[in-house]
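The values are calculated or read from the model by the stated rules, or taken from the named source; none is laboratory data. These numbers were taken from a predicted model, which means no experiment stands behind them. Here Cβ is always computed from backbone atoms with ideal geometry, including for glycine, and neighbour counts include all displayed protein chains. With ligands, DNA and RNA removed, areas are computed over all heavy atoms of the protein, side chains included. Shrake-Rupley method; radii C 1.70, N 1.55, O 1.52, S 1.80 Å.
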Amino acid sequence: MNEKAKTGERIKIHVNGKALWVSRAFSVRHALLAYDEDSLAEVVSGEAYVTDAKGDEVGLDGALFDGMSLFVRDVEIE
Amino acid sequence: MKSERVPSWSKRLRCGSLALAFLLAAVLCVAIGRGLPPLSDAAETGASSPKRAVTVLHVTDFHGSLLSEDVDRASGKPVGGAAVLAAFVEAERESAGGEAILLDGGDMMQGSALSNLTSGAAVIEFMNSLGVDAAAVGNHEFDWGVKVLKERMAQARFPFLCANVFLGEGKQRPDWAAPFVVVQIAGLQVGIIGVITEDTPFLVNPKLIRGLRFDEPSAIVNEIAATLRKEGARLIIVLAHVGGAQEEDGRVVGPIEALASGLRGVDLVLGGHSHTIVAGKVGSIPVMLSGSNGRRIGVVRLEMDAASGQSGVVEQRVRTTFAEEVRPLERIEAIVETFKKEFSGEMERVVVVASERITRSRQESALGNLVCDVMRDAVGADVGFQNSGGIRADLEAGPVTVQEMFKILPFDNTIVTMYLTGEQVKQVLEHGTSESGVVQSSGLRYSYRPEAPPGERIKELALEDGSALVPGQLYLVATNDFMASGGDRYSIFAEGKDIVNTQILLREAVVSWMETLRDGGGELAAPELGRARRLSQAERAVEETVDY
């Protein structure tokens, strides 16, 4: 890994408004783990899903970036 | 002849015979990205029309999602699958009067069993049939190494583009990295430049990208765009495996914003990597990200004034690929079915024969030791850690199949590497050792007092060769992505240095190790226990009198 890549290894993201510092090697799945393991379990089981600020669903394997905001929303059962 | 000077080869390939297509591809690939052939006015048709419309279709981060098994969580409706996505592409092409470019934003292969078991070949077959014109190289394209990537590139009837990868510290690109391609559509020469995220070194097994450098892309894009313009390209599209998102107020944020804001002479930026949806602008440049996994398709309709050379967006939207809205394409379903049959046989494949039963446990276990040893071996780490809960079944004596390995390691955990100090390694053990069990490990020997408070549980800690673990020294540690990101409250990994998610699936690493053992004529035996020794009551009484 070059020197430039080594700098700024951690990025600041927000999950449900909570600020978290995570490695830029990780994805949305790992951001949820860092936020709350139960939330990840709910998303994996289909009870909840992750969205961006606009409300569009974001995949668990999506890459994170500095300043990213994620939200965990319950699936509405009709 | 026009066909010799204008590499709008993907269009012609689709019209030609398969044998001719491969021949042309072989010849034309040499020209791609290594200098744009000179254009004449005659190369652009329809010169009398002042306005030209070009439709660009965009998919990204497909991740091997060939099967129709996904649901849109907000609506509960089925989405995606190769045959459904293909039907959306066909419908959009038709509404564009056939004058559409289809671009893929990278990370197309890795991510599903069907694709992984074929090292991405199933997806390339699909993308060929879909008529992709060009694809960006995503970070996951390196998951099986450059050798396999080159094989997939040879299989593909479209170019993979990557302008910001270089060899060593120099300015030379690897021979497989074409920086751009020019296609002809609606009588216009369209330059497409591919770039990859600068974060790639954090996201790929370092062994697989050794000697490669991933530079900040905007200056590189500007230079190529200027050259392409000079040579006659009328539209420039950047196909970036670079992430971002869109705020409620419409602002585009993240690395894709940083990239687009530094660009000049570019008409459209297509992103990916973050699996998000963006349909907005950065300055005057339209920017689009089209989700992931074949669940969305981006559609941009650009109009260009042939006289002034100015382009503008007349339509920009991201559609969700709801299955109920289309009829899945049968020819695509046939391709998927062929690979599914191959996959079902693959699950029954015997990877090794076990000479004895190898069990798991919350305490130190032979199966845990095996998994940790393989994890460590796969990345050349000093120490390996695996949570006991991630191993879900015992390994039975006799033939071991791929299916059985899915039962033992059902989670698609990847191997993560990082540097921890000896003190931090000890802290991992302090957290992972209690009355309810121990963390599985490799490379270490220690004794422990599970009833002691955290910080006082670990005794006699050494490396496997008996040498002392030095508190201030850095050790290369391998673990799975669950633990590395804080799962089971392992917060200490967040303090690691040079964290890399190698994207090596732990299960695949174990299967590969077993196959190597089998091919060498070996049978699988249980590794010895004795790495984590629980102190007896008598030993504990002695320990309590010793000041460490």
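Figures for the structure shown
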quantity: Number of positions in the stretch B:231-250 that are free of Cβ contacts under 8 Å to residues at least 60 places away in the same chain and not in a strand (DSSP E or B); calculated: 7
quantity: Qualifying positions in the stretch A:37-78 - on the phi < 0 side of the Ramachandran plot, small (Gly, Ala, Ser) and in contact with a strand residue (DSSP E or B) (Cβ under 7 Å, 6 or more places away or on another chain); calculated: A:Ser39, A:Ala48, A:Ala53, A:Gly62, A:Ala63, A:Ser69
quantity: Check on B:Val353, assigned by TED's automatic domain parsing to the domain that holds B:Glu396 and assigned to a helix (DSSP H, G or I); calculated: no
quantity: Residue match in the stretch B:219-229 (condition: of a type in the set (Asp, Glu) and within 30 Å of B:Asp377 (Cβ to Cβ)); calculated: no
quantity: Near pairs, Cβ below 8 angstrom, 6+ apart or cross-chain, from the stretch A:42-59 (at the interface with chain B (Cβ under 8 Å from one of its Cβ atoms) and under 11 Å from A:Arg29 (Cβ atoms)) to any residue that is of a type in the set (Ser, Thr, Tyr) and surrounded by fewer than 20 Cβ atoms within 10 Å (Cβ to Cβ); calculated: A:Val58/A:Thr51
quantity: Of residues in the stretch B:270-291 being closer than 28 Å to B:Val71 by Cβ and among the small types (Gly, Ala, Ser), the one most open to solvent (accessible area, probe 1.4 Å); calculated: B:Ala279
quantity: Condition check for B:Gly294: open to solvent by 10 Å² or more (accessible area, probe 1.4 Å) and either under 20 Å from B:Arg73 (Cβ atoms) or within 26 Å of the chain's Cα centre (by Cα) (or both); calculated: no
quantity: Residue in the stretch B:165-173 that is open to solvent by less than 10 Å² (accessible area, probe 1.4 Å), in contact (Cβ under 8 Å) with a residue 24 or more places away in the chain and part of a strand (DSSP E or B) present; calculated: yes
quantity: Tally, over the stretch B:318-330, of residues that are surrounded by 13 or more Cβ atoms within 10 Å (Cβ to Cβ) and either not hydroxyl-bearing (Ser, Thr, Tyr) or not assigned by TED's automatic domain parsing to the domain that holds B:Asp104 (or both); calculated: 8
quantity: Only one of B:Glu451, B:Glu404, B:Glu435 that is under 30 Å from B:Met347 (Cα atoms) and modelled with pLDDT under 95; calculated: B:Glu404
quantity: Spans of helices (runs of 4 or more DSSP H) in the stretch B:1-117 with at least 2 residues more than 14 Å from every other protein chain (Cβ to nearest Cβ) and modelled with pLDDT of 95 or more; calculated: B:82-95
quantity: All positions within the stretch A:67-78 that are more than 7 Å from every other protein chain (Cβ to nearest Cβ) and either among the small types (Gly, Ala, Ser) or within 11 Å of the chain's Cα centre (by Cα) (or both); calculated: A:Ser69, A:Leu70, A:Phe71, A:Val72
quantity: Matching residues, the stretch B:493-514, being of a type in the set (Gly, Ala, Ser) and part of a strand (DSSP E or B); calculated: none
quantity: Filtered residues of the stretch B:190-210 (kept if over 20 Å from A:Ala63 (Cα atoms) and either modelled with pLDDT under 95 or in the same structural domain as B:Gly380 (by TED's automatic domain parsing) (or both)); calculated: B:Lys207, B:Arg210
quantity: Filtered residue count, the stretch B:496-520, keeping only those that are open to solvent by 50 Å² or more (accessible area, probe 1.4 Å) and facing chain A (nearest Cβ under 10 Å); calculated: 1
quantity: Some residue of the stretch B:331-352 being open to solvent by 60 Å² or more (accessible area, probe 1.4 Å) and closer than 30 Å to B:Val54 by Cα; calculated: yes
quantity: Meets criteria (more than 12 Å from chain A (Cβ to nearest Cβ) and modelled with pLDDT of 95 or more) for B:Ala186; calculated: no
quantity: Long-range neighbours under 7 Å by Cβ, at least six apart or interchain, first residue farther than 15 Å from B:Ser292 by Cα within the stretch B:74-88, second hydrophobic (A, V, I, L, M, F, W, C) and in a loop (DSSP other than H, G, I, E, B); calculated: B:Ala83/B:Leu329; B:Ala87/B:Val326; B:Ala87/B:Leu329
quantity: Search result, residues across the stretch B:515-541 that are of a type in the set (Lys, Arg) and assigned to a loop (DSSP other than H, G, I, E, B); calculated: B:Arg531
quantity: Selection from the stretch B:309-323 of residues that are more than 29 Å from the chain's Cα centre (by Cα) and either at negative phi or in a strand (DSSP E or B) (or both); calculated: B:Gln310, B:Ser311, B:Gly312, B:Val313, B:Val314, B:Glu315
quantity: Subset tally (residues that are of a type in the set (A, V, I, L, M, F, W, C), assigned to a loop (DSSP other than H, G, I, E, B) and surrounded by 24 or more Cβ atoms within 10 Å (Cβ to Cβ)) for the stretch B:133-152; calculated: 1
quantity: Members of the stretch A:4-21 that are open to solvent by less than 30 Å² (accessible area, probe 1.4 Å) and more than 7 Å from chain B (Cβ to nearest Cβ); calculated: A:Ile11, A:Ile13, A:Val15, A:Leu20
quantity: Per-region count, the stretch B:241-269, residues open to solvent by less than 50 Å² (accessible area, probe 1.4 Å), under 25 Å from the mean Cα position of the chain (by Cα) and either of a type outside the set (A, V, I, L, M) or over 13 Å from B:Pro286 (Cβ atoms) (or both); calculated: 9
quantity: Only listed residue being without any contact (Cβ under 8 Å) to a residue 12 or more places away in the chain, within 14 Å of chain A (Cβ to nearest Cβ), closer than 17 Å to A:Val28 by Cβ and not acidic (Asp, Glu), chosen from B:Val278, B:Val253; calculated: B:Val253
quantity: When residues of the stretch B:179-220 are limited to those that are under 30 Å from B:Gly309 (Cβ atoms) and among the polar types (S, T, N, Q), the one least open to solvent (accessible area, probe 1.4 Å); calculated: B:Gln189
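Each row is one residue, and each column tells you yes or no for (1) farther than 22 Å from B:Met109 by Cα; (2) at pLDDT 95 or above.
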| site | (1), (2) |
| --- | --- |
| B:Gly250 | yes, yes |
| B:Pro255 | yes, yes |
| B:Gly272 | no, yes |
| B:Thr276 | no, yes |
| B:Val282 | yes, yes |
| B:Gly298 | no, yes |
| B:Ser311 | yes, no |
| B:Glu333 | no, yes |
| B:Lys340 | no, no |
